[in-house]
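Notes to accompany the following structure.
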Amino acid sequence: MSEHPHYAQGAFTIELTVFNRWPFRLGPFHTGASEGELVAELAALLDGLPCRLDGLDYYDHTEVPQAEYLVPWRGRDTLLAHGLRAKPWGEPFVPADLPLLRGLLAHRYHEHCQDILPGERAGLPMDPNALRLAMRDHIEGTMIAALGREQGEQQALALYMGMMGASGLSPVALEVLDALLAELAETAQGHLPAIESGRPRAVLH
């Protein structure tokens, strides 16, 4: 786990290539590390993982005044939470890979929606991290509740693998994630005042 001080010295996002073919963007996080310290930490943490660091966007706290409201960077624990674990090349995907697959799908869907005109997708704008958590709760959670943990996780794994297109999202992925987003938007209609009254969030461009 990262041992940097709890206060935010800066904020950052990282871009990874996973299994030599899947682009993946993580963040933004806040960190007490300097950019140089972060580069050294990431080099050590990613050693042995099936991913490559392609980019690091680092912002000083003066550029992101509300950085403390971003998710804190917790080093290895953060990578594990996103399913980035030591895994031999070519090893079949297993339920332990569900966090990685849902993160990849959420990232791809977010990228896909950047090219869609406003209004062509039902629902609220959805950032990848929020969509990833929604997939965990509404897709995996539903299957586990209906089938039990072991079978539910296997069903979710099969669904996610079917959603991963060779060069993007499969038609199944668009259908499933569009429906999930529409469901979340409908649910959120009765909770907009609570959302508006929440803490301010920083936005990195």
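The values are calculated or read from the model by the stated rules, or taken from the named source; none is laboratory data. On a predicted model such as this, the values are computed, not experimentally measured, just so you know. As a convention, Cβ positions derive from the backbone with ideal geometry for all residues, glycine included, and neighbour counts pool all protein chains shown. Surface accessibility is based on the protein's heavy atoms, side chains included, excluding ligands, DNA and RNA. Shrake-Rupley method; radii C 1.70, N 1.55, O 1.52, S 1.80 Å.
Condition test on L104, is it surrounded by fewer than 19 Cβ atoms within 10 Å (Cβ to Cβ), at pLDDT 90 or above and of a type outside the set (S, T, Y)?
no
Considering segment 3-62 alone, what residues qualify as being open to solvent by 60 Å² or more (accessible area, probe 1.4 Å) and hydroxyl-bearing (S, T, Y)?
Result: Y7, T62.
Condition first: surrounded by fewer than 18 Cβ atoms within 10 Å (Cβ to Cβ) and of a type in the set (F, W, Y). Now tell me which residues in segment 63-87 satisfy that.
Hit for segment 63-87 is Y69, nothing else.
Within segment 148-179, which residues are in contact with a helix residue (DSSP H, G or I) (Cβ under 6 Å, 6 or more places away or on another chain) and either modelled with pLDDT under 90 or open to solvent by 20 Å² or more (accessible area, probe 1.4 Å) (or both)?
Of everything in segment 148-179, those that are in contact with a helix residue (DSSP H, G or I) (Cβ under 6 Å, 6 or more places away or on another chain) and either modelled with pLDDT under 90 or open to solvent by 20 Å² or more (accessible area, probe 1.4 Å) (or both) turn out to be E153, Q155, G162, L169, V172.
Condition first: under 24 Å from L104 (Cβ atoms) and touching a Gly at 6+ places or on another chain (Cβ under 9 Å). Now tell me which residues in segment 51-71 satisfy that. Break it down into steps so the answer makes sense when it comes.
Keep residues of segment 51-71 that are under 24 Å from L104 (Cβ atoms), which gives 51-58, 70-71.
Passing the criteria: D57, Y58, L70, V71.
Residues being over 15 Å from the mean Cα position of the chain (by Cα), of a type outside the set (A, V, I, L, M) and under 20 Å from A106 (Cβ atoms): count how many of those fall in segment 27-50. Spell out how you get there, then give the answer.
We begin by selecting, within segment 27-50, every residue over 15 Å from the mean Cα position of the chain (by Cα); these are 30-50.
So of that shortlist, the ones also of a type outside the set (A, V, I, L, M) come out as 30-32, 34-37, 41, 47-48, 50.
Now narrow it down to the ones that are under 20 Å from A106 (Cβ atoms): 50.
Final tally of qualifying residues: 1.
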